[in-house]
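Read the figures in this text as sums done on the coordinates, not as results from a lab. Just so it is clear, the structure is predicted and the values come from calculations on it, not from any experiment. Neighbour counts run over all protein chains shown; Cβ positions are idealised from the backbone, glycine included.
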């Protein structure tokens, strides 16, 4: 009986601690998530890619009354997504340090520069729904090798995940960010050709008779 | 005395509670032809609504139940399919009707992957389970060397799902199956909480899977 009582006390104490920690408003999260390699159409083009400092280093931080000490770091999956997607879309991908820097004789057809514009989060308590939500907004710029802008467009990714028993706030936000990144990747792969001016640029670079499905 | 009261509550709850009611409807658009051995079915959740999300575990449950029912037919797990077909079947990019699926297979990489899977039927499930009514209350306390709960809580669950079946071979809508379930759960607690749960979602899952299995046989 004593053994049973001790076990019950332990279980209820753990539940109480879990409830207390769930009520804390601070968030420290390093996002880790699975991002699949896409089934993309390969363009016979050589791409340079430039990640801005902002894209590589920005961490979401907020310290308000409602969101005390929020620190959400998704720098790694942000870069991993493009590192996985671009080689499936282009014949070759060359990382470069700046848009206007010469590429030491390497032949590139264009330079892609993704940049992070905005990140937003919503918690179930804030929206009165059962979902953790994340929105991520990027600006994508495509340059000619000499630095002249070919096209600029915006990409928004949205991710949500429902609340569930024993799912913490950080788990919920982690999943929401991963889905938002996945959404951005999907839109990038499928809408690349539809961005203003990109279709004409592709048509000028490849042999449309050989690749009719790309023109 | 307390023990007798406990027994009475439990007996009453068993006799009156935890009852599930389920309704299943079927609509057939085209006559389905027999599946060949080695052909596959993929069960996918529609998650385009902003107000709810079709649960991943419900889709997994329907897939697993269908697998037991249709021997010799391959059921592709949702996550495996979504990752393999990325980015064509994401929430924001998935085809909403069978005509769009026809357009999608014009992309050589997509057509090849779907042929590799030997897909015959797509089963799209849209819906969710929600708690519609809560009542009662329960208090729990922890002290030095003692812990316990006292009270009575109950709630109603309601589930509503619709499955749309596409024939990939014929590129047409095969039919639709819908299921509605509801039930009430109770938790009486005298020191120890005793949950008596109505298995609304799992009931909806088995009814849906059995009906899909019969539909495709």
(request) Report Rg/Rh for the protein assembly as shown, rounded to two decimals, where Rg is the Cα radius of gyration and Rh the Kirkwood radius. (result) 1.05
(message) Modelling each spin label as a point 7 Å along the Cα-to-Cβ direction, I'd like the residue B:152/residue A:106 distance in nm, to one decimal.
(response) 7.3 nm
(message) Helix-only mean residue ellipticity at 222 nm, chain A, DSSP H runs n ≥ 4 weighted -39,500 (n - 2.57), per residue, nearest 500. What is it?
(response) -11500 deg cm²/dmol
(request) Starting from the Cα of residue B:24, step 7 Å toward the Cβ, then list every residue of region B:161-201 with an amide N under 13 Å from that point. (result) B:163, B:177-181
(request) Could you work out how far helix B:108-117 tilts from the main Cα principal axis of chain B, as a 0 to 90 degree angle to the nearest 10? (result) 60 degrees
(message) I need B:146, B:212, A:96 ordered by Cβ neighbour count within 10 Å, fewest first.
(response) B:146, A:96, B:212
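Shape of region A:37-103 from its Cα gyration tensor (a ≥ b ≥ c, root eigenvalues): rounded if a/c is under 1.5, otherwise prolate when a/b > b/c, or oblate? Mind dumping the intermediate values first?
Values: a/c = 4.93, a/b = 1.98, b/c = 2.49.
Oblate is the answer for region A:37-103, as a/c is 1.5 or above yet b/c matches or exceeds a/b.
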(request) Note the full-extension length gain between residue A:139 and residue A:79 as 0.36 nm times their separation in residues minus their Cα-Cα distance, in nm to one decimal. (result) 20.2 nm
(message) Give the separation of the Cα centroids, region A:147-215 to region B:164-217, in Å.
(response) 35 Å
(message) Counting only other chains, and only Cβ atoms inside 10 Å, what mean value do you get across the residues of B:81-88?
(response) 6
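Please give the contour-minus-distance gain from residue B:56 to residue B:96: 0.36 nm per residue of separation, less the Cα-Cα distance, rounded to one decimal in nm.
Details: separation 40, 0.36 × 40 = 14.40 nm, distance 1.87 nm.
The residue B:56-residue B:96 span can extend by a further 12.5 nm.
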(message) Please arrange A:118, A:210 by how many other C-beta atoms lie within 10 Å of their C-beta, fewest to most.
(response) A:210, A:118
(request) Treating the angle as unsigned and between 0 and 90°, give the value, to the nearest 10°, between the Cα long axis of helix B:200-216 and the longest Cα principal axis of chain B. (result) 30 degrees
(request) Grab the beta carbon distance between residue A:209 and residue A:88, set R0 = 22 Å, and tell me the FRET efficiency rounded to 0.05. (result) 0.35
(message) If you average the C-alpha positions of region B:86-109 and of region B:25-83 separately, how far apart do those two centres end up, in angstrom?
(response) 17 Å
(message) Only counting other Cβ atoms within 10 Å, I'd like B:129, A:97 sorted with the fewest neighbours first.
(response) A:97, B:129
(request) Compute the long axis of helix A:75-89 from its Cα atoms, compare it with the longest principal axis of the Cα atoms of chain A, and write down the angle in degrees, 0 to 90, nearest 10. (result) 40 degrees
